[in-house]
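The values are calculated or read from the model by the stated rules, or taken from the named source; none is laboratory data. Model, not experiment: these values are computed from the prediction. Don't worry about glycine lacking a Cβ; one is built from the backbone with ideal geometry, like all the others, and counts go over all protein chains shown. We work out accessible area using only protein heavy atoms, side chains counted, and drop any ligands, DNA or RNA first. Shrake-Rupley method; radii C 1.70, N 1.55, O 1.52, S 1.80 Å.
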Amino acid sequence: MLKLGILWLVLVGTAALPLHAEEYRVRDQSEYVRALKQVRAGDAIILANGEWHDFELVITGKGMPDKPIMVRPEEAGKVFLTGQSSLRIGGEHIHVSGLVFKDGHSPRGEVIAFRRGKDDVARNSRVTEVVIDRFSKPDRFDDDYWVGLYGRNNRFDHNHLVGKTNQGVTLAVRLDSEESRENGHRIDHNYFGPRPVLGSNGGETIRIGTSQYSMFRSGTIVENNVFDRCDGEVEIISSKSNGNVFRENLFLRSRGTLTLRHGDDALVERNVFLGQGKDYTGGIRVINRNQTVRGNYMEGLRGTAFSSALTVMNGVPNSPVNRYVQVDDALIETNTVVDSTRVTLAGGASAERSAPPVNSVMRKNLFVASGEDALFRIEDDISGIAMQSNVLIGSATASEGPSLERKAAKMVRAANGLLYPDDPALEGIGAPRDLKPMELSQVGVAWYAKPGEEERFGASGKVHHVTLGEDTLALAADAAGHGDVLMLAPGDYVVHWTIGLDKTLTIRGAKADNRSPATIRFTRPSLVELREGGNLQLANLTIDGELAPDSVGNAVIRTTAFPLQSNMRVEIDGVSVRNLTVNKSFNVLTLGKGTLADRVSIRNSAFADISGAVVAADSETDDYGRYNVEYLDIVDSQFANLGGPIATVYRGGTDESTFGPFVTITGNAIANVGKTAGASILLQGVQTAEVARNALAASAPIRIAHTVGTPSTRVSDNTFAGTPQPEVQELNYEGPVRVQMSGNVFDAKDPK
Ligand code: CA
């Protein structure tokens, strides 16, 4: 033991207890292993400050209720586990605290596992004040959990988890063995920070159980946590077991819902959902038996359908374990829904989901309708939900709702930041007055900063003027910092190597009154390659492809050949792109396999003489529903003489776990486009598409195919000259094709 470096003894004050607990201070992994062999109840292993690279930390042993075995840092926040690192906890009464996982990823299925192996699961153990910061596997579809809870009576509290970009639940409670059921785990006071859109199933922040074990009781408590921008997929939390409690959590700007997906007897109480007007923000989705949803507050939520502020689903008669059990005996009371888009009852009704809710009660809920559309959407018979003393405040547009008492009270913001009616007669209606939304300072750790807002283009405020000539632009791009702007003078720039972009960068042409703006030519197959952390804005430029070589996969902008962890943004405004003709498939933007753009935006731009597509977001080949772009906007632009479509977006598979893709193509002039590809616009599996006010001439047809979900496709107010009518088809849905077509003008001439 003397080899351990510094070892010191701490006397325990009470004579009745054993004489001392030991503290093993360790400086490297071999010292750690030696200390681990000796720890007993009440001892602590203290990791020296600094970086612990490739450290697969394992701790097990028998602590006692008042004498846990502890693993902690010399100073909280000053011990970093990097590279291929992980933590596994077996035994009982073990406490781990104060570690930071960053700059790497777990080589295993979890970053933190509450088990050492199948035969040694943790009991009565605790992980607190641990940070996991962007510790994601490099390939976004190489999956893991950041935290796997096994065993019983474990606590995961005051931790900070931010930026999981790969597939797999952030925190999973597993019920796959007898000793992990009826577990009584407590998950509290954690900061679940931004989790970007995954673009596929498997982006839940918490999942408790799985459909396979959903008949077992978990009894897990999730309370006093903050979920900030948890946007991974449609389920923020997926409860898939019996008897779980979700209490006093704050859901902030998070897309999706707390979903009672499988399992019965949940209690969802006193949670606060603040969407702040962000797309797809939702509240609570109810499925299964004997669920209680009480005293929750929902404001500013923009989700509809399955991500409504409140959704009570229709079920499948005699449902298989992995489908939808009918809602039976639900109690939904004293909740407030204000400034939100939708409440859906008997949601998802279909030939398969034909069993409406039964034996259920909604009472003393407060609904405040403010939007232009109806707040309620009722998709099937709701006579199985007894409506008692529910109050509606607001506009007549909500009149098609269920039987509600109409009131005219004003909503006033109280000291707790939430809205309540000013009418004393409504005292007992809606969410309780004593709710206290969690504050960011109450969750996670004080010593690790919570992330701020997404960085904007030009955020650094630095503008670099780039001189005309050869390679000046590429050199300036390499030298620029995150959020900088490169300003190009009118005249010619030639780029001889591909700009590898790993930062947020704007390339902008200076205003040039009588002269043409800056023109960029490039002699490699691509001008820009988007890498990890790369976001690109192009403005007021001309890009000419005449010097590019003939190469497979030519594209002005492409992603790396490797999957990217981070979602990227590309904005093109006031840009003219021409002469991409050296071969038959020269694209403007190609998004490769395993990459996801949060947004691609093209405005006020012109594209002419291009052999390929303008936006190719169709790299998926295996139909897992892993698409390449969440929002695509192509607005007020001109397209002439394109072999490919102006956009090809592909979202395959039949999974229902994502919101996107979301495509807007409006106000464009489209001439002689898509003859090589057979389509001027090609969308498959897009969830929301608006194609409006475009003028198409002598072009191939618009082709749209729906796969799953409830796609919304609108094709309106377009003119078609020498262009066939749009072709819209349903690949899985039996019934009339779901498309709104209106105000389009067709002429009969065949395109030539
Ligand atoms: Ca899911």
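Can you list residue pairs whose Cβ atoms sit under 9 Å apart, with the first residue in the stretch 270-289 being without any contact (Cβ under 8 Å) to a residue 24 or more places away in the chain and assigned to a loop (DSSP other than H, G, I, E, B) and the second being open to solvent by 10 Å² or more (accessible area, probe 1.4 Å) and β-branched (Val, Ile, Thr)? Count only pairs 6 or more apart in sequence or on different chains.
Sorted first by the residue in the stretch 270-289, then by its partner, the list stays empty.
I'd like to verify a number: residues in the stretch 302-344 that are assigned to a loop (DSSP other than H, G, I, E, B), of a type outside the set (Lys, Arg) and more than 21 Å from residue 367 (Cα to Cα), how many? Even if it seems obvious, please write down each step before you answer.
Initial filter on the stretch 302-344 (assigned to a loop (DSSP other than H, G, I, E, B)): 302-304, 308-309, 314, 316-327, 329-330, 334-335, 339-342.
Right, trim to of a type outside the set (Lys, Arg) and you get 303-304, 308-309, 314, 316-322, 324-327, 329-330, 334-335, 339-341.
If we keep only those that are more than 21 Å from residue 367 (Cα to Cα) too, we end up with 314, 316-322, 324-327, 329.
The number of residues fulfilling the criteria is 13.
Quick grid of which residues meet (1) touching a strand residue (DSSP E or B) at 6+ places or on another chain (Cβ under 6 Å); (2) over 19 Å from residue 618 (Cβ atoms); (3) at pLDDT 95 or above; (4) open to solvent by 60 Å² or more (accessible area, probe 1.4 Å):
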| position | (1), (2), (3), (4) |
| --- | --- |
| 692 | yes, yes, yes, no |
| 701 | yes, no, yes, no |
| 716 | yes, yes, yes, no |
| 737 | yes, yes, no, yes |
| 750 | no, yes, no, yes |
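Say we look at the stretch 175-208 and pick out the residues that are within 16 Å of the ligand (Cβ to nearest atom) and open to solvent by 30 Å² or more (accessible area, probe 1.4 Å); which of these is nearest to residue 116 (Cα to Cα)?
Selected residue: 207.
Considering only the stretch 161-174, I want to know if a residue exists there that is assigned to a strand (DSSP E or B), away from the ligand (no atom under 16 Å from the Cβ), without any contact (Cβ under 8 Å) to a residue 40 or more places away in the chain and open to solvent by less than 10 Å² (accessible area, probe 1.4 Å).
Filtering the stretch 161-174 for residues assigned to a strand (DSSP E or B) gives 161-162, 171-173.
Among the residues that remain, those that are also away from the ligand (no atom under 16 Å from the Cβ) are: 161-162.
Pick out the ones that are also without any contact (Cβ under 8 Å) to a residue 40 or more places away in the chain and you get 161.
Add one more test, that the residue is open to solvent by less than 10 Å² (accessible area, probe 1.4 Å), and what stays is 161.
Within the stretch 161-174, one or more residues are assigned to a strand (DSSP E or B), away from the ligand (no atom under 16 Å from the Cβ), without any contact (Cβ under 8 Å) to a residue 40 or more places away in the chain and open to solvent by less than 10 Å² (accessible area, probe 1.4 Å).
Can you find, within the stretch 233-254, the residue that is nearest to the ligand (Cβ to nearest atom) among those that are outside any loop (DSSP other than H, G, I, E, B), under 19 Å from residue 287 (Cα atoms) and open to solvent by 10 Å² or more (accessible area, probe 1.4 Å)?
To start, the set of residues in the stretch 233-254 that are outside any loop (DSSP other than H, G, I, E, B) comprises 235-240, 242, 245-247, 250-252.
After this cut, where a residue has to be under 19 Å from residue 287 (Cα atoms) as well, the list is 235-240, 242, 245-247.
Imposing the further condition that a residue be open to solvent by 10 Å² or more (accessible area, probe 1.4 Å) reduces the set to 235, 240, 242, 245, 247.
Values: 235: 5, 240: 10, 242: 19, 245: 21, 247: 22 Å.
My answer is 235.
Name the strands (runs of 3 or more DSSP E) wholly within the stretch 369-452 that hold at least 2 residues that are of a type outside the set (Gly, Ala, Ser) and open to solvent by 80 Å² or more (accessible area, probe 1.4 Å)? Write out each step before concluding.
On the way: elements: 376-378, 385-388, 391-394, 405-407, 411-413, 419-421.
By residue number, 405-407.
In the stretch 255-281, how many residues are of a type in the set (Gly, Ala, Ser), more than 16 Å from the ligand (Cβ to nearest atom) and open to solvent by less than 10 Å² (accessible area, probe 1.4 Å)? Even if it seems obvious, please write down each step before you answer.
So in the stretch 255-281, the residues of a type in the set (Gly, Ala, Ser) come out as 256, 263, 266, 275, 277.
Keeping just the survivors that are more than 16 Å from the ligand (Cβ to nearest atom) gives 266, 275, 277.
Still in the list and also open to solvent by less than 10 Å² (accessible area, probe 1.4 Å): 266, 275.
Residues flagged as of a type in the set (Gly, Ala, Ser), more than 16 Å from the ligand (Cβ to nearest atom) and open to solvent by less than 10 Å² (accessible area, probe 1.4 Å) within the stretch 255-281 amount to 2.
Could you please let me know if residue 316 is open to solvent by less than 10 Å² (accessible area, probe 1.4 Å) and away from the ligand (no atom under 16 Å from the Cβ)?
On the way: open to solvent by less than 10 Å² (accessible area, probe 1.4 Å): no; away from the ligand (no atom under 16 Å from the Cβ): yes.
Against the criterion (open to solvent by less than 10 Å² (accessible area, probe 1.4 Å) and away from the ligand (no atom under 16 Å from the Cβ)), residue 316 does not qualify.
Does any residue of the stretch 673-683 turn out to be within 21 Å of residue 735 (Cβ to Cβ), outside any strand (DSSP E or B), assigned by TED's automatic domain parsing to the domain that holds residue 583 and in contact with a strand residue (DSSP E or B) (Cβ under 9 Å, 6 or more places away or on another chain)?
Of all residues in the stretch 673-683, those within 21 Å of residue 735 (Cβ to Cβ) come to 683.
Filter once more, so that each one left must be outside any strand (DSSP E or B): none.
No, because not a single residue in the stretch 673-683 is within 21 Å of residue 735 (Cβ to Cβ), outside any strand (DSSP E or B), assigned by TED's automatic domain parsing to the domain that holds residue 583 and in contact with a strand residue (DSSP E or B) (Cβ under 9 Å, 6 or more places away or on another chain).
In the stretch 658-688, what residues are open to solvent by 10 Å² or more (accessible area, probe 1.4 Å) and either farther than 13 Å from residue 633 by Cβ or among the basic types (Lys, Arg) (or both)?
Across the stretch 658-688, the qualifying residues are 658, 659, 669, 671, 672, 675, 676, 677, 678, 682, 684, 687.
Give me the strands (runs of 3 or more DSSP E) completely within the stretch 499-556, filtered to those with at least 3 residues that are touching a strand residue (DSSP E or B) at 6+ places or on another chain (Cβ under 7 Å), assigned by TED's automatic domain parsing to the domain that holds residue 617 and more than 18 Å from residue 455 (Cα to Cα), ordered by residue number. If you could, list the steps in order and put the result at the bottom.
Numbers: elements: 499-501, 504-509, 519-522, 528-530, 535-544.
Strands (runs of 3 or more DSSP E) meeting the threshold: 519-522, 535-544.
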